[in-house]
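Working notes, structure below.
The values are calculated or read from the model by the stated rules, or taken from the named source; none is laboratory data. What you see is a predicted model, and the numbers here were worked out from it, not measured in a lab. As a convention, Cβ positions derive from the backbone with ideal geometry for all residues, glycine included, and neighbour counts pool all protein chains shown.
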Amino acid sequence: MTGAVLAVDQGTSGTKALVVCPERGVLGVGFAPVRPRQLSGGRAEVDPFELYDSVVDAGRQALAGADEPVVAMGLANQGETVLAWDPDTGRPLTDALVWHDRRAESVCADLTEHADELRQLTGLPLDPYFAAPKMAWIRGHLTREGVVTTSDAWLIHRLTGGFVTDAATAGRTQLLDLDSATWSARALDLYGLSDERLPDVVDTAGPVGTTTAFGPEHPEIPLTGLVVDQQGALLAHRITGPGGVKCTYGTGAFLLAHTGDTPRRGPSGLVGCVAWRLDGRTSYCLDGQVYTAASAVRWLTELGVINGAADLDRVGGAVPDAGGVTFVPALAGLAAPWWRGDLRGSLTGLGLDTTPGHVVRALCEGLAAQVVALCETAATDLGVPLTALRVDGGLTRSSLLMQTQADLLQRPVEVSALPEATSLGVGALARLGADTTLSVEDVLPDGRPAAVYEPRIGADEAAERLGRFRAAVTTLLAS
């Protein structure tokens, strides 16, 4: 199959769409913003129609830019964002609770005695970050009507009329049996969701239905690729077997390590989950999260410290170091490997001589130090040392952040030449799902990095800087 495909990545702060041709590369690009509401008490929600409209708007922009037909479409999603909706009409019954929403902490507190059992069943720790606690909270506090699902199932229904979710997304709910990649009756029972109508769990590549949502110029586009955003990026990095590790720097930072066809439970704090399922065969990965990355940069922007992410290098580059400032940017809590979403961030070591540049450098060190913790945990769980880190996402444009990452990690950081790795990953799945004669290797983009950052400081200095960050985290954990 040589035709172009439409690849759509529906993310937290916007939807990106690409029209990609295997011979000619990216032919069209689209973007539509999404504006979640950040509310008190760690709550975050968004109008579901804003999610759907962003998919349609971004897709139409990309298709108009390409100005040619596409043979298939792929859709990546946020993973843990959930809503209730009417399966007969497609009408939302609630707003969508965004993945970092914390209001389901009470649900998790009630299930504390079952935390180990749930982790063994599903690979996931008990935390409101995942979908099942939010689903149970919606049922207990908002509505008993309709169905309650992750956002992808609703988007797919709006696009095609189908009622499905892919195995990787289902694995983000804490309702999927990690070994069989099927819904777990026991997990459903523990969450009080046994009577729920759940979407069928399908492969990440394969025909799902067709859509006419992008206008009469593009009728009947087959939807043939589905995946969680981070797993899509893992695929785009050509990490298709054990040993490879990638980190995506978006609203949060997300590290995934492929573990082959055997699930791991991540005893050191990482999450065991489905990477993808192709032709009924499941591949697995370990997953670690930093809740606030680009969102922490936006926070500094809103405070007036910088004018935006493009300012990181200019402002941070005005000073040689963080000037004794330590920033734990846990603005939505600490995720893996600590799993303390209840914590708030800290900014210490301030003085009358502290400048915006010191704060920017401290932020970069705080983000990089959290990723180092994830890398070290992944190496422990896998039993092999990390040789390099492959990275993508908007914040990789910051040379300061990427150099800081290499310095603290003491390993090379390979920046992807693919600025939209998730879109390209789900585009590869769409191509694979539309043409059964192709192999995974046939559909993957070129994996050569655009830049490689090597450590510029010694191991002793890296350890000293990491030690200051870890001491600050220890203080938070004890508070």
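Of all the residues in region 277-298, those that are within 18 Å of Val328 (Cα to Cα) and either charged (D, E, K, R) or surrounded by fewer than 16 Cβ atoms within 10 Å (Cβ to Cβ) (or both) number 1.
For region 199-222, a tally of residues being closer than 14 Å to Gly59 by Cα, among the β-branched types (Val, Ile, Thr) and buried (at least 19 other Cβ atoms within 10 Å of the Cβ) returns 2. For region 146-158, the condition of being touching a strand residue (DSSP E or B) at 6+ places or on another chain (Cβ under 7 Å) and within 21 Å of Gly269 (Cβ to Cβ) holds for none of the residues. Of everything in region 246-274 that is among the hydrophobic types (A, V, I, L, M, F, W, C), in contact with a Leu (Cβ under 6 Å, 6 or more places away or on another chain) and not in a loop (DSSP other than H, G, I, E, B), the residue that is farthest from Val426 (Cα to Cα) is Val271. Of all residues in region 271-282, those that are of a type in the set (Phe, Trp, Tyr) have Cβ atoms under 7 Å from Cβ atoms of residues that are buried (at least 24 other Cβ atoms within 10 Å of the Cβ), 6 or more apart or on another chain, in Trp276/Ala168; Trp276/Thr204; Trp276/Val227; Trp276/Gln231; Trp276/Leu235; Trp276/Ser283.
Each residue in region 194-207 was checked for being touching a helix residue (DSSP H, G or I) at 6+ places or on another chain (Cβ under 6 Å) and in contact (Cβ under 8 Å) with a residue 24 or more places away in the chain, and 5 of them qualify. So, of the residues in region 438-457 that are part of a loop (DSSP other than H, G, I, E, B) and free of Cβ contacts under 8 Å to residues at least 40 places away in the same chain, which turns out to be nearest to Asp279 (Cα to Cα)? The extreme case among them is Ser439. On the stretch given as region 346-391, residues that are among the small types (Gly, Ala, Ser), over 14 Å from Arg465 (Cα atoms), in a loop (DSSP other than H, G, I, E, B) and over 23 Å from the mean Cα position of the chain (by Cα) total 2. The residue that is farthest from Ser399 (Cα to Cα), among those in region 314-330 that are touching a residue at least 12 places away in the same chain (Cβ under 8 Å) and either of a type in the set (Lys, Arg) or surrounded by fewer than 18 Cβ atoms within 10 Å (Cβ to Cβ) (or both), is Gly324.
Being surrounded by fewer than 24 Cβ atoms within 10 Å (Cβ to Cβ), touching a strand residue (DSSP E or B) at 6+ places or on another chain (Cβ under 8 Å) and farther than 20 Å from Pro449 by Cβ, is that true of even one residue in region 390-410? No, every residue in region 390-410 fails to be surrounded by fewer than 24 Cβ atoms within 10 Å (Cβ to Cβ), touching a strand residue (DSSP E or B) at 6+ places or on another chain (Cβ under 8 Å) and farther than 20 Å from Pro449 by Cβ.
Counting the residues of region 129-143 that are out of contact with any strand residue (DSSP E or B) (no Cβ under 9 Å at 6 or more places or on another chain) and over 22 Å from Val201 (Cα atoms) gives 2. Scanning region 107-123 for residues that are in contact with a helix residue (DSSP H, G or I) (Cβ under 9 Å, 6 or more places away or on another chain), closer than 18 Å to Pro337 by Cβ and either modelled with pLDDT under 95 or surrounded by fewer than 20 Cβ atoms within 10 Å (Cβ to Cβ) (or both) gives a single hit, Ala115. Residue check: Trp137 meets all listed conditions (1) farther than 30 Å from Gly272 by Cβ; (2) assigned to a helix (DSSP H, G or I) but one, namely (1).
Residues in region 124-147 that are surrounded by 19 or more Cβ atoms within 10 Å (Cβ to Cβ) and acidic (Asp, Glu): Asp127 alone.
Can you pull out the residues in region 152-161 that are of a type in the set (Gly, Ala, Ser) and either in contact (Cβ under 8 Å) with a residue 60 or more places away in the chain or surrounded by 24 or more Cβ atoms within 10 Å (Cβ to Cβ) (or both)?
Within region 152-161, just Ala153 meets the criteria.
The listed residues are Leu142, Leu188, Leu175, and the only one of them that is under 21 Å from Leu97 (Cβ atoms), touching a Ser or Thr at 6+ places or on another chain (Cβ under 7 Å) and free of Cβ contacts under 8 Å to residues at least 24 places away in the same chain turns out to be Leu188. Checked against (1) at pLDDT 95 or above; (2) closer than 19 Å to Ser13 by Cα; (3) touching a strand residue (DSSP E or B) at 6+ places or on another chain (Cβ under 9 Å); (4) not hydroxyl-bearing (Ser, Thr, Tyr), Val297 passes all but condition (3).
Consider Thr224 carefully, then state whether it is within 23 Å of Gly206 (Cα to Cα), out of contact with any Cys (no Cβ under 8 Å at 6 or more places or on another chain) and among the polar types (S, T, N, Q). So Thr224 passes the test.
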